[in-house]
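The values are calculated or read from the model by the stated rules, or taken from the named source; none is laboratory data. In this text the structure is predicted, and so the values were computed from the model without any measurement. Cβ atoms come from the backbone with ideal geometry, glycine included; neighbour counts cover every protein chain shown. These accessible areas exclude ligands, DNA and RNA; they are computed on the full protein's heavy atoms, side chains included. Shrake-Rupley method; radii C 1.70, N 1.55, O 1.52, S 1.80 Å.
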Amino acid sequence: MPDITELDPRLRDNVRLLGDLLGEVILEDRGPAFFDTIERIRALAKAWRAGDADALTQMQEIVSRLREPELVHLARAFHQFLNLSNIAEQFHRIRVSAPPRESIERTLATLDSGAQAERLISEIDIELVLTAHPTEVMRRTLIQKYDAVASTLAKLEREPDKRDAHSLALKRVIAEAWHTDEIRHERPSPQDEAKWGFAVVEQSLWDAAPRVVRAIEAATGTRLPVTCCPVRFATWMGGDRDGNPNVTADVTREILMLARWMAADLYLRDVEQLNASLSMHEAGATVRKVAGADREPYRVILKQVRERLIRTRDWAERLDMAPPTHEDVYLRTEELLAPLESCYNSLVDCGMQTIADGALLDTLRRLGCFGVHLLSLDIRQSSDRHTAVIREITDWLGISTGNKSYTQWPEQEKVEWLLKELQSRRPLFPSTWPVTDESAEVLATCRVIAREGGVAIKQYVISMASTPSDVLTVILLLKACGVRDNMRIVPLFETLDDLDNAADCLEQLLEIDWYRDYCNGYQQIMLGYSDSAKDAGQLAASWAQYRAQEAIANVARAHDIKLTFFHGRGGAVGRGGAPAREAILSQPPGSVGGSFRVTEQGEMIRWTLGLADTALETLTTYLTAVLEATVSPPKQPDDTWRECMDVLTEISTNAYRAVVREDPEFLDLFQSLTPQAELATLALGSRPARRREVNDIDSLRAIPWVFAWTQIRLMLPAWLGTEAAMSQASDAEEVLRDMRSRWPFFHMHMDMLEMVLAKADPEITKLYEQRLLMGRRQQQSAGELRARLERLIALYLELSGQEELLQHNVALQQALSVRNTYLDPLHLLQAELLAKTRGRSSESIEQALKVTMAGIASGLRNTG
């Protein structure tokens with residue numbers, strides 16, 4: 001069994017250093033007896049993993065003797081080590097990654113059409129959408145402390161002669177983390193979530209965005225436009241109101257203004273630095289026209305910019321969207337761009353290109369990326385909320401078809417009526433009418449969009465979209481509320497049936513002349529990964545998403561429509577999670593086409609974008625993968641492979657639904673075996689865990705569904721059904737091996753399955769069964785699920801020709817082995833605490849339980 005000694009020596013040294021420093025902090029705080037207890041449990045956990053069954057009993061005995069407050073500190077100790085281990089891994093990943101320029105050069109060199117790729121690279125359109133899905137369990141203050149740990153590790157590597165000083169600094173910040181409560185006790189508001197997203201921009205993306213463009217220029221030897229930005233950013237924080245009553249029109253308005261405040265403040269910092277450096281006196285005519293004969297003309301312009309930015313920041317701080325009548329503020333990006341670009345052009349014209357291409361160019365690139373609004377904000381709402389507004393107004397106005405209410409109209413009649421209203425000059429809504437609170441909120445949101453003016457809010461996502469009328473309804477509501485521009489409307493297809501029918505829906509939509517004029521040759525389609533997997537299982541959902549993209553892309557090509565797919569992926573495999581490069585290169589041929597939009601969710605934002613160097617690596621990965629998928633897409637899958645996938649997914653869907661949908665006892669098993677109910681006590685996000693106050697699987701959101709199974713290491717959403725499909729595909733092993741070898745889509749799916757199987761642990765699940773399941777029937781059902789998992793592991797090893805999981809990914813195998821030494825005690829403790837809290841509870845038990853949930857999430861990383 002691998003241990004820390006088998007890690008890369010540099011990673012091993014950092015893990016050991018951080019672990020030793022944490023040990024010193026705990027020893028100083030809790031004393032030698034408690035420290036010895038932690039060390040004893042850690043040694044026993046390691047022995048248990050090595051096959052010593054007695055070690056588990058000894059761990060259970062030690063835990064049973066601890067007082068309740070000590071249980072909290074025990075959980076915190078193992079949680080903190082896992083966090084520090086993750087930081088060491090993240091830092092090591094940055095250290096061993098190729099510089100961005102080399103990654104881009106290597107990609108260009110491998111492509112057949114290198115020259116075409118160089119031309120295309122400046123036209124690539126990638127947008128990462130930050131979402132506030134509740135899988136980030138760590139408080140922002142702790143994230144900042146752990147960022148300080150990472151930066152101090154970097155200093156330690158750069159300045160080994162100052163090791164003692166940097167080690168002391170590390171110990172100090174680790175002590176700060178140890179003495180800080182890691183659990184949020186109040187659920188964050190949407191404003192809190194948005195501020196967290198803004199902090200990611202401030203701390204990492206602000207630096208990384210211009211750096212990736214510099215890497216492109218260095219790799220290609222070409223000069224890109226000054227505002228070129230192939231990777232941009234958007235957010236759902238404050239805009240996603242689907243199932244979240246806390247996101248109101250007023251909240252959206254406030255968050256838009258908070259974002260403008262943050263943008264103005266960041267540009268103000270840039271301008272103050274530019275003012276210190278641009279002291280030259282030579283200037284072109286455009287600059288001189290503004291600055292006159294002043295000896296420092298650039299500072300004259302920058303002073304004006306600075307003053308206007310201060311006014312803009314002050315206006316945004318008042319949270320009033322109405323522009324001030326007596327003050328000049330920056331409302332649109334072009335207004336701030338103009339004076340800075342004139343300075344840039346003047347410097348270039350006067351022979352000072354080197355100066356122009358310094359910090360000033362970085363600021364211009366940031367303007368191209370972030371604008372004056374910081375992040376584009378998507379609005380998302382469920383289709384049934386829009387339909388309800390139309391039903392209410394048509395009922396009140398007495399508009400019906402055959403005495404039927406709007407929701408009962410045939411689709412074609414809905415479309416015809418909507419088109420007629422869209423082309424009507426009269427208002428749809430009277431000045432007063434008896435609108436319900438829910439529909440009034442929908443209309444209030446549309447009026448916020450109208451007031452915003454199309455600067456920050458550029459698209460509207462419709463959850464649970466399934467028909468053309470869903471799209472036309474939103475356009476009509478926006479028009480009725482004063483939106484004048486043709487706002488981009490993005491239908492989101494989520495369930496298995498909706499994915500299968502998505503291409504037909506788009507075909508019907510594009511056959512409407514009025515809509516083709518409206519969309520002006522461009523359409524964005526969002527694919528939901530979470531709900532389709534929860535609906536039919538991961539294998540069937542993946543294949544449905546693949547086929548939907550193929551069919552939708554064919555429809556778009558037939559109508560000469562530029563298409564962008566928006567991928568609603570989560571961090572966990574059960575919600576579509578996968579490494580960015582593999583995910584992009586596994587898309588159907590021709591589905592990328594130079595543009596790619598994807599959500600970055602929950603804790604994955606911290607791991608992929610939280611540090612400037614990590615963010616730079618992530619952006620480079622997206623850039624090179626989209627470039628490769630566009631210039632050199634994978635080949636079409638063989639017909640034999642398609643037939644095989646059709647058979648596999650039919651078997652897997654039936655097997656999955658037989659357990660999750662059709663077994664009347666499954667819900668009770670889920671609620672008894674997992675900490676699903678207790679997860680609701682974690683203040684993870686502003687959105688409720690359920691769409692409706694109904695106790696069933698359908699109403700439970702995909703995120704807590706996946707999170708709960710991950711906590712007990714069964715990982716059921718990511719594999720259930722696959723074991724049945726592979727069991728019945730024994731006569732197709734050669735076809736499956738061929739698919740894995742030559743089909744990027746299937747290769748990635750199998751790689752992700754292997755990672756899930758490696759993180760799953762039937763023995764850990766068994767601990768929960770023994771402590772939490774009382775009835776024989778439930779224990780039998782849980783045992784059957786574990787048996788299915790073990791059978792799938794055996795089938796996978798046979799198909800892959802490996803003796804053990806992750807045999808070809810030793811780095812991850814070793815990392816998981818190290819983490820397990822600290823995860824196992826947390827699982828043991830969590831099972832014990834769940835048993836206690838379901839009988840009687842106390843503040844200490846609840847606190848310790850929350851820490852175990854946070855610790856397991858940190859240890860397994862992509863949890864929800």
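Considering only region 305-321, I want to know if a residue exists there that is within 21 Å of Thr354 (Cα to Cα) and modelled with pLDDT of 95 or more. Taking every residue of region 305-321 in turn, none turns out to be within 21 Å of Thr354 (Cα to Cα) and modelled with pLDDT of 95 or more.
Tell me whether region 248-256 contains one or more residues that are small (Gly, Ala, Ser) and either within 18 Å of the chain's Cα centre (by Cα) or open to solvent by less than 10 Å² (accessible area, probe 1.4 Å) (or both). So far as region 248-256 goes, yes, one or more of its residues are small (Gly, Ala, Ser) and either within 18 Å of the chain's Cα centre (by Cα) or open to solvent by less than 10 Å² (accessible area, probe 1.4 Å) (or both). Taking the criterion of being surrounded by fewer than 16 Cβ atoms within 10 Å (Cβ to Cβ) and in contact (Cβ under 8 Å) with a residue 24 or more places away in the chain, the residues of region 776-797 that qualify are Arg777, Glu790, Arg791.
Please count how many residues of region 39-71 are of a type in the set (A, V, I, L, M), closer than 22 Å to Ile845 by Cβ and without any contact (Cβ under 8 Å) to a residue 60 or more places away in the chain. Walk me through how you get there before you give the answer.
Step one: of region 39-71, the residues of a type in the set (A, V, I, L, M) are 41, 43-45, 47, 50, 53, 55-56, 59, 62-63, 66, 71.
From the residues that got through so far, the ones that are closer than 22 Å to Ile845 by Cβ too are 41, 45, 56, 59, 62-63, 66, 71.
From what is left, the residues that are without any contact (Cβ under 8 Å) to a residue 60 or more places away in the chain are 62, 66.
Total satisfying the criteria: 2.
Taken together, the residues in region 260-287 that are open to solvent by less than 10 Å² (accessible area, probe 1.4 Å) and touching a His at 6+ places or on another chain (Cβ under 9 Å) amount to 1. Just so you know, in region 392-443 the residues that are part of a loop (DSSP other than H, G, I, E, B) and open to solvent by 80 Å² or more (accessible area, probe 1.4 Å) include one that is modelled with the lowest pLDDT, and it is Asn403. For beta carbons closer than 8 Å, sequence separation of 6+ or different chains, a first residue in region 424-446 that is hydroxyl-bearing (Ser, Thr, Tyr) and a second that is open to solvent by 50 Å² or more (accessible area, probe 1.4 Å), the qualifying pairs are Ser439/Arg385.
Can we say Ser858 is small (Gly, Ala, Ser), closer than 19 Å to Leu66 by Cβ and part of a helix (DSSP H, G or I)? Full working, then the answer.
Working: small (Gly, Ala, Ser): yes; closer than 19 Å to Leu66 by Cβ: no; part of a helix (DSSP H, G or I): yes.
Judged against the criteria, Ser858 is not a match.
Arg819: surrounded by fewer than 20 Cβ atoms within 10 Å (Cβ to Cβ) and in a helix (DSSP H, G or I), yes or no? The answer is no for Arg819. Across region 712-739, what is the number of residues that are of a type in the set (D, E, K, R) and free of Cβ contacts under 8 Å to residues at least 60 places away in the same chain? Of the residues in that region, 2 qualify. The single condition from (1) part of a helix (DSSP H, G or I); (2) open to solvent by 30 Å² or more (accessible area, probe 1.4 Å); (3) farther than 16 Å from Met726 by Cα that Pro633 fails is (1). Annotation note: Cβ proximity below 7 Å between a residue of region 510-534 that is closer than 30 Å to Ile697 by Cβ and a residue that is modelled with pLDDT under 95 and open to solvent by 20 Å² or more (accessible area, probe 1.4 Å) (sequence gap 6+ or interchain) occurs for Tyr529/Arg569; Asp531/Thr495; Ser532/Thr495; Ser532/Leu496.
For beta carbons closer than 9 Å, sequence separation of 6+ or different chains, a first residue in region 143-157 that is within 15 Å of Asn83 (Cβ to Cβ) and a second that is surrounded by fewer than 19 Cβ atoms within 10 Å (Cβ to Cβ) and of a type in the set (Asp, Glu), the qualifying pairs are Lys145/Glu176; Ala148/Glu176.
In summary, Gly482 fulfils each of the numbered conditions (1) open to solvent by 70 Å² or more (accessible area, probe 1.4 Å); (2) touching a residue at least 12 places away in the same chain (Cβ under 8 Å) with the single exception of condition (1).
Is there a residue in region 195-211 that is in a loop (DSSP other than H, G, I, E, B), open to solvent by 50 Å² or more (accessible area, probe 1.4 Å) and either modelled with pLDDT under 95 or of a type in the set (Lys, Arg) (or both)? I'd like the intermediate steps shown before the answer.
Filtering region 195-211 for residues in a loop (DSSP other than H, G, I, E, B) gives none.
No, region 195-211 has no match at all.
Within region 1-25, can you find the residues that are modelled with pLDDT under 90, over 21 Å from Arg49 (Cβ atoms) and under 30 Å from the mean Cα position of the chain (by Cα)? Answer for region 1-25, where residues must be modelled with pLDDT under 90, over 21 Å from Arg49 (Cβ atoms) and under 30 Å from the mean Cα position of the chain (by Cα): just Arg10. Is it the case, given these coordinates, that Leu823 is closer than 25 Å to Gly51 by Cβ and among the hydrophobic types (A, V, I, L, M, F, W, C)? Yes; evaluated as a whole, the condition is true for this residue. Based on this model, can you work out whether Glu832 counts as open to solvent by 30 Å² or more (accessible area, probe 1.4 Å), among the acidic types (Asp, Glu) and within 11 Å of Glu68 (Cβ to Cβ)? So Glu832 fails the test. If only residues of region 806-826 that are among the hydrophobic types (A, V, I, L, M, F, W, C) and at pLDDT 95 or above are counted, the one that is nearest to Leu84 (Cα to Cα) is Leu823.
Checked against (1) among the hydrophobic types (A, V, I, L, M, F, W, C); (2) modelled with pLDDT of 95 or more; (3) touching a helix residue (DSSP H, G or I) at 6+ places or on another chain (Cβ under 6 Å), Leu156 meets all criteria but (2).
Helices (runs of 4 or more DSSP H) wholly in region 497-579 with at least 1 residues that are under 27 Å from Leu476 (Cβ atoms) and at pLDDT 95 or above - which ones?
Details: elements: 513-519, 530-536, 538-558.
Per the criteria, 513-519, 538-558.
Any residue that is crowded, with 23+ Cβ neighbours inside 10 Å, in contact (Cβ under 8 Å) with a residue 60 or more places away in the chain and among the polar types (S, T, N, Q) - is there at least one of those in region 639-652? Scanning region 639-652 turns up at least one residue that is crowded, with 23+ Cβ neighbours inside 10 Å, in contact (Cβ under 8 Å) with a residue 60 or more places away in the chain and among the polar types (S, T, N, Q).
In region 621-678, of all residues being more than 26 Å from the chain's Cα centre (by Cα) and small (Gly, Ala, Ser), the one that is farthest from Val598 (Cα to Cα) corresponds to Ser672. Going through region 49-94 one residue at a time, which ones are over 15 Å from Leu767 (Cβ atoms) and hydroxyl-bearing (Ser, Thr, Tyr)? Answer for region 49-94, where residues must be over 15 Å from Leu767 (Cβ atoms) and hydroxyl-bearing (Ser, Thr, Tyr): just Ser85.
Looking only at residues in region 291-316 that are in contact with a helix residue (DSSP H, G or I) (Cβ under 6 Å, 6 or more places away or on another chain) and farther than 29 Å from Met257 by Cβ, which one is surrounded by the fewest Cβ atoms within 10 Å (Cβ to Cβ)? Break it down into steps so the answer makes sense when it comes.
Kept after step one, since they are in contact with a helix residue (DSSP H, G or I) (Cβ under 6 Å, 6 or more places away or on another chain), are these residues of region 291-316: 291, 294, 297-302, 305-306, 309, 312-313, 316.
Imposing the further condition that a residue be farther than 29 Å from Met257 by Cβ reduces the set to 291, 294, 297-300.
On the way: Ala291: 22, Asp294: 15, Pro297: 23, Tyr298: 26, Arg299: 20, Val300: 17.
So the residue we want is Asp294.
When Cys343 is tested against (1) within 34 Å of the chain's Cα centre (by Cα); (2) open to solvent by less than 30 Å² (accessible area, probe 1.4 Å), exactly one condition is not met: (1). With respect to (1) touching a residue at least 24 places away in the same chain (Cβ under 8 Å); (2) of a type in the set (Ser, Thr, Tyr); (3) over 17 Å from Leu805 (Cβ atoms), the lone exception for Thr765 is condition (3).
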